[in-house]
Amino acid sequence: MALEAYAEDTPPPRPQRQRLTMVPVATVQLAHRIDEVATTWAALEAAQIESPGQSAAFTRTWVNAFGIAEDDQFYLTAAFDGEPVALLPLWRRRVKGVRLLSWFPGPHVGCNAPLVDAARLATLGSVERAALWSAMLERLEGADLIYLKSVPQLFIEGVDIFAELGQSIEAETLYRGQFASWDDANTTQRSKSRRKHDRQQGERLEALGQVGFEEVRGGPEALPILDVMFRQRAARFVAMGVPDPFAEPGVRAFYDATLSPAVEIDVRLHVLRLNGEIVAVRYNIAHGERLFCLISSMSDDATIQTGSPGKQCLLRVMQTVFDAGYRVFDMGAGFTDEKRHWCNLKLPVRQHYVPLTTLGTAAAKGHLGWQVLRQKLKANKAVMGVVKAVRGRMLRSSIPAQADD
């Protein structure tokens, strides 16, 4: 998997100045089997997670779907006086000749981060947190570079708890909606003109036939929904001129596995139908009061798109999830029109680099430079238009022609 990232041309944040206290001694352990860190993981996950990638069930399912060898699984844990304070799950792969340690799900989640006791980290000073990460990471061998993609900039009691984790550069923005109820979301996010626009789109869709909306919680009946969702996404990626990240071997096996009750991942599929046919889907994972949207899709039928099925599906999601007890709906990183409409929380995410060898240092420097260049290219609409057009033609030409039924 390529080192995919987006970054703004901004320097790394200045280290925080905090009162120096006595550096606590951390007990650090390295394991290569997830079962060996199950107790620590459960203790830290019992609080609040920022990403499905911080879920033990999610990671276990990913490892099984991809058949990852134990030697390439790295689980670093740290504890103070027997109390777990941090867990860092990493997957070792070789990317363009570099032995890379990175998150298991990569770009398949909106953000990712070490699983930590955030309140405890916030009580430490900058030097103490740096010492903690150093004590953990010095245990790692057999890799050139640690690359931690899309780590949220989390402030706890005014403290940026991940600021000392290697070298970092600000990248995308993570978008979330946080509301006490649907009425709260509706009042906060929808103006009179927005409500009118949504109503007009709904009327256009309803003019095409009977509209239905449902939530499906996994099981065998959910597999055909995934089939439709991935077909819709694949068509969308071709139209956008970008590679399909779900085409990688093992990815579909993972998503299929998440639908099984045995893996204990709380999947919620929100499905919009027109005359019984699926026209939009949102794949979400629930954890406590948070709902994380990993994938969304909609029909590419031009007639159906006049009713904006994707936006109509999201409207119904917003109308139901907050009254069902959720308080945060995470819509992932990267700006879209629907996120502008619905999200009242914007959280910067950063890419973190920790070189372990001379080769890793060179790779990190090169990747940082590429991110800066890529961000400049993205800011140039004319250049990006040409890039997307070329990509689209290349992708379409690589798809074999379908035989007539």
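What follows is calculated from the coordinates using simple rules that are stated; it is not laboratory data. Since we're looking at a predicted model, the values are computed, not measured. Cβ: placed from backbone, ideal geometry, glycine included. Neighbour counts: every protein chain shown.
Of interest is the spacing of the C-alpha centroids, which for segment 50-104 and segment 258-289 amounts to 25 Å.
For Lys96, a cut-off of 14 angstrom between C-alpha atoms picks up these aspartates and glutamates, skipping any fewer than 8 places away in its own chain: Glu4, Asp144. A Förster distance of 30 Å, applied to the separation of the beta-carbon atoms of Gln189 and Arg217, puts the FRET efficiency at 0.70.
Once the C-beta distance of Asp227 and Lys376 is scaled by a Förster radius of 41 Å, the resulting FRET efficiency is 0.60 to the nearest 0.05. For the residue pairs Lys149/Lys311; Lys192/Lys311; Lys196/Lys339, the C-alpha atoms sit more than 22 angstrom apart in Lys149/Lys311. For segment 238-307, the spread of Cα coordinates along the three principal axes comes to 40, 28, 21 Å, biggest extent given first. Spacing of the modelled spin labels on Ala38 and Val25, each 7 Å from Cα toward Cβ, amounts to 3.1 nm. Principal-axis analysis of the Cα atoms of the chain puts helix 126-137 at an angle of about 90° to the longest axis. If the chain linking Glu264 and Ala47 were pulled fully straight, counting 0.36 nm for each residue of separation and taking away their Cα-Cα distance, it would gain 76.4 nm.
Modelled spin-label separation between Glu248 and Gln167, with each label point placed 7 Å from Cα along the Cα-to-Cβ direction: 2.4 nm. Distance between the pseudo-spin-label points of Glu277 and His197 (7 Å out from Cα toward the beta carbon): 2.8 nm. Which is farthest toward the positive dipole end of the chain among His197, Leu208, Gln167, measuring Cα position about the Cα centre, with Cβ charges +1 (Lys, Arg) and -1 (Asp, Glu)? So the residue we want is His197. Estimate the FRET efficiency between Ala302 and Asp323 by the formula 1/(1 + (r/R0)^6), using the beta-carbon distance for r and 22 Å for R0, to the nearest 0.05. Computed FRET efficiency for Ala302 and Asp323: 0.05.
Dividing the convex hull volume of the Cα atoms of segment 152-222 by its residue count, what figure in Å³ per residue is obtained?
Per residue, the Cα convex hull of segment 152-222 comes to 235 Å³.
Computed packing ranks the peptides 151-160, 123-132, 217-226, 54-63 as 54-63, 123-132, 151-160, 217-226, most packed first, by mean other Cβ atoms within 10 Å.
Based on Cβ point charges of +1 for Lys and Arg and -1 for Asp and Glu, what charge dipole magnitude is obtained for the chain about its Cα centre, in debye rounded to the nearest 20?
1640 debye
Counting alpha carbon pairs within less than 8 Å and at least 6 residues apart, what relative contact order, in whole percent, applies to the chain?
Taking the mean separation of contacting Cα pairs over the length of the chain, I get 23 percent.
Peptide packing for 318-326, 303-311 was compared via the average number of neighbouring C-beta atoms within 10 Å per residue; ordered from the highest value, the list is 303-311, 318-326. Counting Lys and Arg as +1 and Asp and Glu as -1, what is the net charge of the other residues whose Cβ lies under 15 Å from the Cβ of Arg99? Summing Lys and Arg as +1 and Asp and Glu as -1 gives 0.
Each peptide in 103-110, 135-142 was scored by the mean count of other Cβ atoms within 10 Å over its residues; highest first, the order is 103-110, 135-142. The per residue volume of the convex hull around the alpha-carbon atoms of segment 109-205 is 176 Å³. Treating the Cα atoms of segment 180-326 as identical point scatterers in vacuum, please give the log10 of the normalised Debye intensity I(q)/I(0) at q = 0.08, 0.15, 0.16, 0.20 Å⁻¹, two decimals. Cα-only, vacuum Debye calculation for segment 180-326: -0.24, -0.83, -0.94, -1.32.
Compute and list, largest first, the equivalent-ellipsoid semi-axes of the chain from the alpha carbon gyration tensor, each √(5λ) rounded to a whole angstrom.
37, 24, 22
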